[in-house]
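Peer 1: Could you have a look at this structure, given as structure tokens, before my questions?
Bear in mind these aren't lab numbers, they're just calculated from the coordinates by the rules spelled out. It should be emphasised that the depicted structure is a prediction, and the values quoted were computed from it without experimental measurement. Neighbour counts run over all protein chains shown; Cβ positions are idealised from the backbone, glycine included.
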Amino acid sequence: MRALVIAHAHPAFSVGGAEIAAYDLFRALRDRGVSATFLARTDSAARAPGSISLFRADEYLWRQGIGDWFRLTAEFGHAVIDEFRQFLRLHRPEAVFVQHYVHLGVEIFREIKRTLPDCHVVATLHEYLAICHRNGQFVCNGSKKLCHEEHVDRCATCFPEHSPGDFWLRRHFIQSHFDHVDHFVSPSRFLMQRYIAWGIAPDRITMIENGQAHSAAPPPPPTPGAKVRFGYFGQITEYKGLDILLAAVGQLPAKLRAKLMVEVNGANLEQQGQWYQDLIEQLRRPLIEQGCLRWAGSYDPPDVGRRMRKVDWVVVPSIWWENSPMVIQEAFVHRRPVICSNIGGMAEKVRDGIDGLHFEVRNPLDLADVMARAITERDLHARLSAQAPEPPGYAQCAAAYLALLPAGQRAGVDLPA
């Protein structure tokens, strides 16, 4: 069987969760005996617009981008389409797994079907950009309040330069391209339900969790009398909520702050607005001086296990819905209980009081109360870490994707139980 995995970036150059999930799927398919090819978008100015070139064996880079973010259409027009069609005709995949439409353009689904009508197209939805024009975050402009449903009038309130009619046309334009997809995959039930409410038929979408490496050995219990260590992992943006975590630590009584250490493993603060950089600096400086905060900085994916094993708890304080944060699965792989905001994909993945703890989103006082409980409540860490679920492995994830294909296309492919 021949398969093509398409991603909006290559993890050699971008280490977001969707890129890593796409590449892991590519490798797992090859392990299952599939003749798989990987095509990743690049924005390298050194490459001609629309060009596709070999990066390494069976892996290609495609110079691509979005020209119209309102309709999510591609940047380079016919140069993109012609080169892509030639690539499809050369490799002739029987199945194409598109792991993201962002930066690629929604036309990609139409072009696959036009070029290879018998090819089976599976698209994984990693976020909500097709539904929400505000970076796919379901957060209202100005107030930054959480948006609970998509509606053309609400959308036009956020973006007054567009009428409700514009948003109606946007929805139906994107849906017309989604009609070329045979089946959709969502890594969370929360995101899946959002897309069903938007218009994808329930029988056309399946929830498949992103695959992870095999579980590590259970961690030793925290040493009595030692500081309780809380870890933050991932990008540093205003929507990831690091400021909420730092403010929560500042709200704790001094005697509790003396019993904890927060380790920040994150990157790209310098790419945020100056106001947010100033806020983080204002919050972190006194905590560093008090000896309860360590700024560990960025890390490469292979380093996450080593760093995560140094902490007792993983904190995910995002202020928007999220989908299926990779850091939650990574925490469970290493048997670390998770403290997270009580909304969206975070609340779905972390069971409050079972394998982690919830706090009220955007509420540093409530997070401080939860952290105080983690510091003072005996046996809580041991009980929650023991009940952390084991995320599906790469082989299990690949098998679930292959099971979506018609039986004739996956004949002879190794499908583990």
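Peer 1: Could you order peptides 367-375, 246-254 by the average number of other Cβ atoms within 10 Å of their residues, highest first? It would help to have the intermediate numbers written out before the result.
Peer 2: On the way: 367-375: 20.7, 246-254: 18.3.
Per-residue Cβ counts within 10 Å, averaged per peptide and sorted highest first, yield 367-375, 246-254.
Peer 1: What does the charge add up to near Ile328, with Lys and Arg as +1, Asp and Glu as -1, over the other residues with Cβ less than 15 Å from its Cβ?
Peer 2: With Lys, Arg at +1 and Asp, Glu at -1, the net is -1.
Peer 1: Once the other residues with Cβ under 15 Å from the Cβ of Lys227 are scored (Lys, Arg +1; Asp, Glu -1), what is the net sum?
Peer 2: Details: positive: Arg229, Lys255, Arg257, Lys259, Arg294, Lys310; negative: Glu263, Asp312.
Net of charged neighbours comes to +4.
Peer 1: To the nearest 20 debye, what is the magnitude of the charge dipole of the stretch 228-386 about its Cα centre, counting +1 on the Cβ of each Lys and Arg and -1 on the Cβ of each Asp and Glu?
Peer 2: Using Cβ point charges on Lys, Arg, Asp and Glu, the stretch 228-386 gives about 640 debye.
Peer 1: Also, quick follow-up: Taking the mean number of other Cβ atoms within 10 Å as a proxy for protection, how do you rank 2-13, 331-342 from highest to lowest?
Peer 2: Values: 2-13: 22.5, 331-342: 24.2.
Descending packing order for the listed peptides: 331-342, 2-13.
Peer 1: Scaled to the compact-protein estimate 2.2 N^0.38 Å, what is the alpha-carbon radius of gyration of the stretch 228-386, rounded to two decimal places? Before the final figure, lay out the partial values.
Peer 2: Working: Rg = 14.2 Å, N = 159, 2.2 N^0.38 = 15.1 Å.
Taking N as the residue count of the stretch 228-386, the ratio is 0.94.
Peer 1: Additional query: What is the distance, in nm, between label points placed 7 Å from the Cα along the Cα-to-Cβ direction at Ala57 and at Ala296?
Peer 2: Taking the two extended label points, one gets 3.4 nm.
Peer 1: Taking the highest mean first, how do the peptides 273-279, 32-38 order by number of other beta carbon atoms within 10 angstrom per residue? Write down the numbers at each step before the final one.
Peer 2: Numbers: 273-279: 12.0, 32-38: 20.4.
Highest mean packing first, the order is 32-38, 273-279.
Peer 1: Still on this structure, please answer the following. What fraction of the DSSP beta bridges in the chain is antiparallel, stated in percent and rounded to the nearest 5? Walk me through the intermediate numbers first.
Peer 2: Working: 7 of 54 bridges.
Roughly 15 percent of the DSSP beta bridges within the chain come out antiparallel.
Peer 1: Check each of the GluC sites (Glu not before Pro) in the stretch 122-205 and keep only those in coil by DSSP with at most 12 other C-beta atoms within 10 angstrom; list them in order.
Peer 2: Of the GluC sites (Glu not before Pro), the ones in loops of the stretch 122-205 whose Cβ has at most 12 other Cβ atoms within 10 Å are Glu149, Glu161.
Peer 1: About its Cα centre, how strong a charge dipole does the chain have in debye, to the nearest 20, once Lys and Arg get +1 and Asp and Glu get -1 at the Cβ?
Peer 2: Dipole of the chain, to the nearest 20 debye: 760 debye.
Peer 1: Can you tell me the FRET efficiency between Asp179 and Leu146 if r is taken as the Cβ-Cβ distance and R0 is 41 Å, rounded to the nearest 0.05?
Peer 2: According to the calculation, E is roughly 0.85.
Peer 1: For the stretch 1-94, what is Rg from Cα atoms divided by 2.2 N^0.38 Å, rounded to two decimals?
Peer 2: Against the compact-globule rule of thumb, the ratio is 1.08.
Peer 1: Given Cβ point charges of +1 (Lys, Arg) and -1 (Asp, Glu) and nothing else, what value in debye, to the nearest 20, does the dipole of the stretch 234-297 about its Cα centre take?
Peer 2: Once rounded to the nearest 20, the dipole reads 380 debye.
Peer 1: On to the next question. To the nearest 500 deg cm²/dmol, what mean residue ellipticity at 222 nm is calculated for the chain from DSSP H runs of n ≥ 4 alone, each contributing -39,500 (n - 2.57), summed and divided by the residues?
Peer 2: Working: 15 runs with 148 residues, N = 417.
Value at 222 nm, helices only, nearest 500: -10500 deg cm²/dmol.
Peer 1: Then there is this: Can you match Kirkwood radius over Cα pairs in Å to one of these, (i) 25.6; (ii) 22.6; (iii) 28.9, based on a calculation from the structure here?
Peer 2: Only one listed value fits the structure, namely (ii).
Peer 1: So what's the gap between the Cα centers of the stretch 28-69 and the stretch 246-276, to the nearest angstrom?
Peer 2: Their Cα centres are 38 Å away from one another.
Peer 1: Show the residues, 5+ positions off or on another chain, whose built amide H is closer than 5 Å to the amide H of Thr37.
Peer 2: Ala3, Leu4, Val5
Peer 1: Let me ask something else. In nm, to one decimal, how far is the modelled label at His214 from the one at Asp68, with both set 7 Å along Cα→Cβ?
Peer 2: Rounded to a tenth, the inter-label distance reads 5.1 nm.
Peer 1: Calculate the translational D of the stretch 200-281 in whole µm² s⁻¹ from Stokes-Einstein, where the hydrodynamic radius comes from the Kirkwood formula applied to all Cα pairs, the temperature is 10 °C and the viscosity 1.306 mPa s.
Peer 2: 97 µm²/s
Peer 1: Could I ask something else about it? What does the charge add up to near Ala7, with Lys and Arg as +1, Asp and Glu as -1, over the other residues with Cβ less than 12 Å from its Cβ?
Peer 2: Numbers: positive: Arg41; negative: Glu19, Asp24, Glu59.
Once positives and negatives cancel, what remains is -2.
Peer 1: While we're here: Pick from Glu75, Glu390, Glu289: which residue has the top mean-square fluctuation in a GNM of the chain where Cα pairs under 10 Å get a spring?
Peer 2: Greatest mean-square fluctuation among the candidates belongs to Glu289.
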